[in-house]
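The values are calculated or read from the model by the stated rules, or taken from the named source; none is laboratory data. All figures in this text were calculated on a predicted structure; none of them were measured in a lab. Cβ: placed from backbone, ideal geometry, glycine included. Neighbour counts: every protein chain shown. Accessible surface is based on the protein model in full, side chains and every heavy atom, while ligands, DNA and RNA are left aside. Shrake-Rupley method; radii C 1.70, N 1.55, O 1.52, S 1.80 Å.
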Amino acid sequence: MDDTLLKKLRILADAAKYDASCASSGGTRREAAEGAIGSATGAGICHSYTPDGRCVSLLKILLTNYCLFDCAYCVNRRSSNVARARFSVEEVVRLTLGFYKRNYIEGLFLSSGIIRSPDYTMEQMMLVARMLRQQHGFTGYIHLKAIPEASPWLIEQAGLWADRLSVNLELPSAESLGRLAPEKDETTIQTAMGQMHERIVEAKEERRRFSPAGQSTQVIVGADDTTDAAVLAASDRLYRRYAMKRVYYSAFSPIPEASTTLPVRPPPLQRENRLYQADWLLRYYGFAVEEIAEGGQDGMLDLEVDPKLAWALKHRHRFPVDVNSAEREMLLRVPGLGTRVVERILSARRHTRLRMEDLARLTSGLKRARPFLIAADHHPARLTDRQDLRQRLAAPRAKQMQLF
Ligand code: SF4
């Protein structure tokens, strides 16, 4: 690789690290360190999941970090004093193919600042995907950022070649957008998401190709005083209205020469983790936003304990639950029991009355679930009598992401 291309790669892989909408988010903090290429995992690589559940490594870059817009939280904003670079369409294609052939990556995650116009930028990104597919027979995974202000026709074209499209919501309310990203408009963003959703559904029905891995989005948290409850309510709407595959949460990361409207410090990384856990409760555990929010205080999630445990501790009178007779919905609310374990319990109890040793074979989370469960040979004290539970069950930091 020649020096000019390598220099561009350094700048444009580094500039892409703030976009969390691939599965590397939720990992280590994405620092604004100079020189390093890359995102959470370094070297410009992020991870994503294909429709068949495979985890793939993607080259994660921007087409350019020049931008006409001036979003306060973004290192690439118009007024930011950072080194700028721009790839040509052919350069992105060459880089992708080069890394792909060496087995460094299995696909491309391409985003961009907005240059000349939203249409021009969207067209350039679409051309990258089209050239990879048409001229080079590229069969790897392609995730393209869609620019909401671009013409629907261009987004339609991009969806023909990309596996996944995503429009970033960025901030969960019109007020926040107005304050921090005044050139963006919530209605335009949601219209673009709505159109993409319609096309994805139509294409599936008509068995033609349009963004077959669906759409995802990113929400930045901690750039203003929006509460976790408001963030989760926005996510809930996105999942329901547009069948979003994922909402990614990106803890605001202070950027060089940040706008004075932004906080000086980032939010605790634990806040991002708690939002991901709450997001799972919304999608797979039957919790409503209000229920999750009431586990914390003033609309913020409890940082010390995960949201499922926080809810259980607030509703002690509903525990312990009997694994041999409780409804699926209530078993899903038991801290320590994940969706798969609950299915195993439901299946196993058709044949026998479950004892603790049976449960120990079905789950590795029994220690955590124990105070909340009744089994044939286990009748714990009422939770209302166990004031020490919160302290005992607050997990050490390292384990806090895998609690359900
Ligand atoms: S439009 Fe995107 S790249 Fe441009 S300043 Fe806003 S967030 Fe950054």
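If T187 passes every condition in (1) in a loop (DSSP other than H, G, I, E, B); (2) at negative phi but one, which one does it miss?
The one condition T187 does not meet is (1).
Has segment 107-127 got any residue that is open to solvent by 30 Å² or more (accessible area, probe 1.4 Å), away from the ligand (no atom under 16 Å from the Cβ) and either in contact (Cβ under 8 Å) with a residue 12 or more places away in the chain or in contact with a Ser or Thr (Cβ under 7 Å, 6 or more places away or on another chain) (or both)?
yes
Which of the residues spanning segment 335-386 are in contact with a His (Cβ under 7 Å, 6 or more places away or on another chain) and hydrophobic (A, V, I, L, M, F, W, C)? Let's see the steps before the verdict.
Filtering segment 335-386 down to residues in contact with a His (Cβ under 7 Å, 6 or more places away or on another chain) leaves 356, 384.
Passing the criteria: only M356.
Among the listed residues L337, L354, L275, which satisfies the condition of being over 26 Å from the mean Cα position of the chain (by Cα) and either over 22 Å from S176 (Cα atoms) or at pLDDT 95 or above (or both)?
After ruling out the rest, the residue left standing is L354.
Of the residues in segment 191-229, how many are crowded, with 16+ Cβ neighbours inside 10 Å, on the phi < 0 side of the Ramachandran plot and outside any strand (DSSP E or B)?
16
Among the numbered criteria (1) at pLDDT below 95; (2) more than 14 Å from the ligand (Cβ to nearest atom), which single criterion is violated by V82?
If we test V82 against (1) at pLDDT below 95; (2) more than 14 Å from the ligand (Cβ to nearest atom), just (2) comes out false.
Do any residues in segment 175-204 that are within 17 Å of A158 (Cβ to Cβ) have Cβ atoms under 8 Å from those of residues that are in a helix (DSSP H, G or I) and open to solvent by 70 Å² or more (accessible area, probe 1.4 Å), where the two are at least six apart or on different chains, and which pairs are they?
Qualifying pairs under 8 Å: M193/R241; G194/R241; H197/R241.
Scan segment 155-206 residue by residue and report those that are more than 16 Å from the ligand (Cβ to nearest atom) and polar (S, T, N, Q).
Q157, S173, T187, Q190, T191, Q195
Out of everything in segment 53-91 that is charged (D, E, K, R) and part of a loop (DSSP other than H, G, I, E, B), what residue ends up being nearest to A174 (Cα to Cα)?
Filtering segment 53-91 down to residues charged (D, E, K, R) leaves 54, 60, 70, 77-78, 84, 86, 90-91.
Now restrict to residues that are part of a loop (DSSP other than H, G, I, E, B): 54, 70, 77-78, 84.
On the way: R54: 35, D70: 16, R77: 19, R78: 21, R84: 30 Å.
Ranking the candidates gives D70 first.
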